[in-house]
Amino acid sequence: MAAMSWYAVAIFGAAIALIISNVIDSTIVALVGAAAMVWVGIMTDVDAFGLVDWNVMAILVSVWVIASYFGRTGIPSWLSVQALRLSGGRPGLLVMILSALAGCISMFVDNVVVILMMAPVALPLARALKLPVTPLVLMIGFAANFMGSAMLLGDLPPQMLHSVSGAEFGDFFWQYGRPSSFPILIVTFVITLAAMYLYGFRHHRRQAVDVEKLGIETHIPNRLFATVVVVAFLGTVLAMAFRQLIGLKLGFIAMSGAVSLVLVLELLGDRVKAPDFEEILGELDWRAIFFYIALFALVGGLEKVHLLDALARHLKPIFVENYALGATIMYWATVPIVGIVEHDAYILTFLYTIRDLQTEGVPPWPLWWMMLWSGTLGSNLTVAGAPALFAALNICQREEDRRISLREFLAWSVPFTLVATLVCYVLGMLIWVLPFAK
């Protein structure tokens with residue numbers, strides 16, 4: 001390799017190692033790594049800026065803004081109370097309903113935001129039903145992290161797939177005459193929840209609970225505010241679904257939805273009693289935003305020196321000789337790796353690598369889907385793989401006033417991850433990989 005290639009590998013490898021070790025803040029590491037690539041001449045400052053997919057960043061920030069308003073509507077609390085009523089006081093069933101609810105919301109909202117919305121209203125329910133807090137909150141965390149890749153809006157990996165492959169909103173439902181991410185992950189999710197119910201929740205006894213004494217808002221406080229937010233949310237999703245007819249970038253559509261919502265709320269004033277826009281901006285995870293910006297630049301640096309091309313050429317024989325075996329190796333190698341490293345960087349790197357395999361005659365779509373699913377589901381293995389689980393674990397430890405051991409965490413994460421990845425692998429192979437294998 002040329003000297004610049006070695007520099008790129010060294011900087012990228014050092015950055016990833018520091019991100020994994022968590023010795024230094026991951027955002028700082030990623031930003032310094034991107035800057036180092038510029039200083040050594042791997043790319044120019046203009047290149048670094050251009051390598052960031054600002055369309056994806058616009059989607060991410062805009063959806064976060066709308067989600068922040070959604071969290072203030074009282075709808076999450078109201079839905080949790082309905083979940084309690086639907087469960088009939090059966091703790092195990094309540095956990096499954098809340099997990100399913102978290103998974104559904106995370107298809108539209110960032111998984112960390114889902115946990116921060118759902119956990120505070122789930123805790124009083126757990127106390128009332130004498131249910132241990134840790135399994136409940138962890139299940140909400142696993143579910144939120146799980147379903148983020150079912151649609152284009154919920155998490156960064158599907159948005160990165162849109163950036164690399166051009167996948168549209170509808171492609172996540174049906175593509176090339178076969179079901180894709182949404183139906184496959186829905187089936188996997190249902191089977192996984194059923195397995196987890198049998199594993200750890202079926203023995204809890206039914207409890208009689210007075211909903212009015214829980215200290216949770218049982219009614220939506222301001223219906224006008226909630227209506228405006230929900231209409232803006234649904235309108236934005238609908239517009240994104242018809243992006244190809246509209247002819248605009250998804251990021252612009254999402255930003256238009258967020259800005260329109262803010263404008264309408266400002267015009268309505270005290271009638272909706274909405275939080276200040278500055279307050280909403282303060283709730284955004286700016287560390288994550290800058291991390292993702294730097295991540296695009298870091299991976300783009302590898303692309304600038306054609307390292308991803310070289311990786312694709314080395315992987316080509318595996319997929320050409322036995323496509324199904326290659327997909328299997330990639331899938332099951334990814335699961336443990338993303339369980340111990342931040343999965344976004346890994347997924348983005350291999351999405352580009354799979355794209356370059358396309359020039360070698362290797363069908364990319366089955367591999368893109370398998371990478372997306374294994375990279376997302378495998379990240380539920382430990383808190384190192386997904387920030388959402390770190391947030392869930394902190395809530396558990398604060399509520400129970402004790403340290404949750406790694407052994408206790410793995411007692412829930414390992415069975416959840418194993419069932420989810422195995423079911424999704426079988427469906428992915430049958431529906432996508434084998435039909436494309438020669």
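The values are calculated or read from the model by the stated rules, or taken from the named source; none is laboratory data. Source: prediction; values computed, not measured. Cβ coordinates were reconstructed from backbone atoms using ideal geometry, including for glycine residues, and neighbour counts include every protein chain displayed. Side chains included, ligands, DNA and RNA excluded: accessible areas come from the protein's heavy atoms. Shrake-Rupley method; radii C 1.70, N 1.55, O 1.52, S 1.80 Å.
Remind me, relative contact order of the stretch 302-438 in percent, using alpha carbon pairs under 8 angstrom and six or more residues apart?
Reported relative contact order: 30 percent.
Write down the accessible area per residue of the stretch 231-348 in Å², having rolled a 1.4 Å probe over the full set of protein chains. Write down the numbers at each step before the final one.
On the way: 5900 Å² over 118 residues.
Heavy-atom accessible area per residue stands at 50 Å².
If you add up the charges near Gln159, with Lys and Arg at +1 and Asp and Glu at -1, over every other residue whose beta carbon is less than 14 angstrom from its beta carbon, what do you get? Display every interim value, and only then the final one.
On the way: positive: Arg243, Lys249; negative: Asp53, Asp110, Asp155, Glu168, Asp171, Asp344.
Residues near Gln159 contribute -4 overall.
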Review point. Over the stretch 228-301, what is the mean sequence separation of C-alpha contacts under 8 Å (at least six apart), divided by residue count, expressed as relative contact order in percent?
Key: 25 percent
Revision key, fill the gap. A correct Kirkwood calculation over the Cα atoms of the chain returns a hydrodynamic radius in Å of 22.6 Å
Revision key, fill the gap. Rounded to a whole %, the carbon-and-sulfur portion of the accessible area of the chain at a 1.4 Å probe is 66 percent
Exercise for review: Using Cα pairs closer than 8 Å and at least 6 residues apart in sequence, work out the relative contact order for the chain, in percent.
Suggested key: 24 percent
Review point. What is the diffusion coefficient of the stretch 328-399 in µm²/s, taking the Kirkwood radius over Cα pairs and the Stokes-Einstein relation at 25 °C with a viscosity of 0.890 mPa s?
Key: 191 µm²/s
Check your understanding: Roughly how many Å² is the accessible area per residue of the stretch 141-187, as a whole number, for a 1.4 Å probe?
Key -> 22 Å²
